[in-house]
Structures are given as structure tokens and as C-alpha cells.
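Here the structure comes first, spelled out in C-alpha cells, and everything after it is commentary.
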Amino acid sequence: MDEQINNYLHYLLVEKGLADNTRISYRQDLNEFKQYLLANNYHEFPQDRTTILNFLAAQTAAKKAVNSQARMISCLRKFYQYLLRKKVITHDPMPQIDPPKKRRHLPTTLSAHEIDALLAAPDVTKPLGIRDRAILEVMYATGLRVSELIHLKLSDLHLSLGIIQTIGKGNKERIILIGDPAIAWTQRYLSEIRGKLIKKRPQPDEVFLNFHGHPLTRQGIWKNLKQYVRQAGIKKDVTPHTLRHSFATQLLENGADIRVVQELLGHVDISTTQIYTHLTQKHIREVYEKSHPRA
């Protein structure tokens, strides 16, 4: 079973071009399925619906979240399709298994006032404060995923044109507009700070570097953001993705077409972007209830 899982993950890398984080999730799900099978004396992937339903029932009994179970079923669907194509199995039981209905959770977003407070939190009299202000400005101005931000290269910046390039999920390139404040802070970081961080080390391609001149990590971005959220007095649970949610929601609230927002976010499916329309409808209702005398 290990060989089949490893071959599948290699296929996802070479032929599908899936990101590392996605493949790590697939490996975790498939290993969990494999451990269940081994514990129940299976030494190959079953082709009957009952065994898989028993596995999913065990997940429910273990109080696995509905979204996690849905992700597991999606992973097994694709894996079994691969096994069938490779003729490892003769029957695919997954079409007979329906995923649980996902609970739709509206993502946390920041108000315009909270965004202003967060952007003002870094101490720009210090070098790392200038860097962090540039990072926050870029994240809010572009809706970049944190994984896209940390891999942003100098060659991806076209600040004179007001655009940046990025490689998103599925190894797909997209062009994103970037506003004047983010451009100004990024240029200041590049001209005043980045060279001092590198010192005499070989120059990395990545734009944003840590104190030692190495590319920033997801954990580094997360840690710094948490600090600035506290400084700004924001009580919400804020993650790097919150800035992406806020970017999309405020675009829609100000009249942007949902197809444009889909393109800027790099969503393949419009339904992924449509969750933000629920947020804007909620905002409209709140404004109506506060403003209309007969609400």
C-alpha cells in the first residue's frame, strides 16, 4: 500500500503540479486510511463500499469535523480513480459514496477601521517595521495567499506597471494589480532595508527576508501578524488568510464584479468566490437595520 500511495503522490507532483501543502494533506489522509485498513487486517486497498463506509463511520465516531470527512472522501475519490486507471483495482467503489454536507462557515474579515489600525501597527522607525509594513500592505492590496507571498521573487515585481506575478495553486500563474500605498512601502523596503538584511550573503531571489537575510517562512509571517493584531487592539482571530478574505469582501462591497475578484484571487471555481457574496449581503443587512427607521 505504501508503494501505491508514494506513486500517487509522485503523480500529483509531476503530472498535476500540485503544491507541497496539498500533497502533504493527501499523504496524511491516505496514511490514515491505510492505518485503519492494517488495523482491520487489510493488506490492499478494498474495492467494496462497506469497508470504506465503516472507515468513514469510525471517523464520525472519533468526532472528525464534517469538513475533514468531506476532504477525506474527495481524496479517496481521486486516489481510487488513479488506482483504476493504473489497473491496480478492477472496481471503484467511491461513486457509491456521498460526501457529508459541509457546514458553510463565513470567514473572518476586518473592517476598514481595523485594517487601518493593523497597517499602522509596525514601527516604521525600525528596519523590520518597514519590512512588515510593506508585507501587510502587499497582502491587503493583492489578496495573496501567504504561501504565494513568501515565494514572491524580485523578478515577479513590476511596480512601475502596478502589477505583480505569482504562481498559485495548481502551479498556475496570474497577474495581480497592486495599489500605490503597497508600491510605495515595497519600494522603500527594497531601497532602504533589504540590502542591509542580506549583508554579504549570496542574494536570494525572494523579496521578503528575515533578520538573517533568509526568505521568510509561513511561521514567521504568522508570528509577526499575531503581534501586530495585538498591538492594533483587534479582538478577532486573525490569520494571514484574514487579509485575503478582507481584500475580496471589500472589493465586492465597493462594486467589483465577482468574476474579477475570482481572477484576482486565483479561484478555479466561481463557487469558491461566492462565499464572499454572503458576507457582503450580511453587511448590507446590517447597514439597512442600522439606517432605516422601519427596519
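The solvent-accessible area of Glu114, taken with every protein chain present and a 1.4 Å probe, is close to 40 Å². Taking a ≥ b ≥ c as the square roots of the eigenvalues of the alpha carbon gyration tensor, segment 1-94 is oblate, as a/c is not under 1.5 and a/b does not beat b/c. Taking amide H as placed 1.01 Å from N in the peptide plane, the amide H of His214 sits under 5 Å from none that are at least 5 places away or on another chain.
Each of Ser191, Ser160, Ser25 has its accessible area taken with a 1.4 Å probe; listed largest first, they run Ser160, Ser191, Ser25.
Exposure check, 1.4 Å probe, all protein chains in place: Asp116 carries approximately 100 Å² of accessible surface. When nucleic acids and ligands are ignored and a 1.4 Å probe is applied, Glu253 ends up with an accessible area of around 80 Å². Karplus-based coupling profile of segment 211-225, in residue order and whole Hz: 4, 8, x, 9, x, 5, 9, 4, 5, x, 4, 4, 4, 5, 4, with θ = phi - 60° in 6.51 cos²θ - 1.76 cosθ + 1.60 and x standing for Gly or Pro.
Across all directions, the average projected area of the convex hull around the alpha carbons of segment 139-225 is 5.8 nm². For Leu110, the residues 5 or more places off, or on other chains, whose built amide H falls under 5 Å of its own are Ser246. Full extension of the chain between Asn54 and Met1 yields a length gain of 17.2 nm, computed as 0.36 nm times the residue separation minus the alpha carbon distance. Protein-only accessible surface at a 1.4 angstrom probe places the residues Lys78, Lys235 in the order Lys235, Lys78, largest first. By definition, a body whose alpha carbon gyration tensor gives a ≥ b ≥ c is prolate when a/c is 1.5 or more and a/b is larger than b/c, and segment 79-201 fits this prolate description.
The values are calculated or read from the model by the stated rules, or taken from the named source; none is laboratory data. Because the structure is predicted, anything quoted here is derived from the model rather than measured. Heavy atoms of the whole protein, side chains included, go into the accessibility calculation; ligands, DNA and RNA do not. Shrake-Rupley method; radii C 1.70, N 1.55, O 1.52, S 1.80 Å.
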